[in-house]
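Have a look at the structure below before the remarks.
The values are calculated or read from the model by the stated rules, or taken from the named source; none is laboratory data. Just so it is clear, the model here is predicted, and its values are computed rather than measured. Neighbour counts run over all protein chains shown; Cβ positions are idealised from the backbone, glycine included.
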Amino acid sequence: MQALAPAEPTRKRMERAVGLSLLLPGAGHLQAGRFGWALFWAILCQGLLFGGLSLAGNSQFDYGKLIHLGGRPILMLLIPEMGNFLGVQFAAVLAKMHSVEAGGHLPEHLPWRNLGYLMSGASGVLSAFAAAHASSLCLVRDEPLAQRRVSPGGAALATLLLPGLGHWLSGRRFKTWLFGGTIVGLFALGMTLGDFADFDRQRHPYYWAGQMLLGPVGWITAFLCEPQRFPSVLPYQDAGLLFTTAAGFFTVIAALDSYHRAEDDWLAAARGVPGRAAAGAA
């Protein structure tokens, strides 16, 4: 069965909304004519970013890469915060590209630094999902529905909130259990193998960036397990890191799939395609 696609003018607006959102959370929602949502995403993402930087003494920048041109710093690359691109660049300028560690202090002296890492990292992840939400609102505006149905952006956000939830809301029960069970199971197994101490930016910064993609399930777990420390090198520690990071990447795949399925259902219902709309709502 061939998937439906938005009309060309709508597709271009959706693409612009994604691009604007990735530059600055909320900007893409202005493209969709939704000022309230634009304000919400701007406050949420920038609040998390700058609040997290404050709690961690800007030590997030120690995990980034500073790009120079002609001896001058021009760009800060920092994952996953880079989802909030202009916010990160502005914050780096304000901090003069330095952190408490660069100033001769240890990040361990900041008791809330791990919460700060989670907040700033969440800002980048949420900014990317805000782009999906803004894109979806462009579709909703151009092809409205009378009946209540989950939007593509809503399905993607629901997947981030709880893996599998986006498919549940669009009526796909098998994929709910397939994606949800696989992702949560991988994460739980990985955390167990790592003695619940593997979700740590300072120890595993590259794995941590992937783990952050899991969403609130991972963020809350990491916050609650923050006091945990390795008493020694664990025999299956590397496997645990692999599983938890894979869970994060699978969450992105599940979110993309839920977005696509919900978009197809929405277009089928809006255009009255026989059989397709009813199947999506089942």
Task: Answer residue from segment 1-49, given it is in a helix (DSSP H, G or I) and of a type in the set (D, E, K, R) and is farthest from the chain's Cα centre (by Cα) among those - done: 8
TODO: Look through 213, 139 and report the one residue that is at negative phi, outside the structural domain of residue 59 (by TED's automatic domain parsing) and of a type outside the set (Asp, Glu).
DONE: 213
TODO: Name, by its number, the condition in (1) crowded, with 24+ Cβ neighbours inside 10 Å; (2) among the small types (Gly, Ala, Ser); (3) closer than 15 Å to residue 258 by Cβ that does not hold for residue 154.
DONE: (1)
Task: Residue among 55, 69 that is over 18 Å from the mean Cα position of the chain (by Cα), farther than 19 Å from residue 116 by Cα and at pLDDT below 95 - done: 69
Open item on the list: Tell me whether segment 66-76 contains one or more residues that are touching a Lys or Arg at 6+ places or on another chain (Cβ under 7 Å) and either crowded, with 20+ Cβ neighbours inside 10 Å or β-branched (Val, Ile, Thr) (or both).
Closed with: no
Open item on the list: Could you list, ordered by first residue, the pairs with Cβ atoms under 7 Å in which the first is in segment 124-143 and buried (at least 24 other Cβ atoms within 10 Å of the Cβ) and the second is of a type in the set (Asp, Glu), at least 6 apart or interchain?
Closed with: 124/81; 139/263
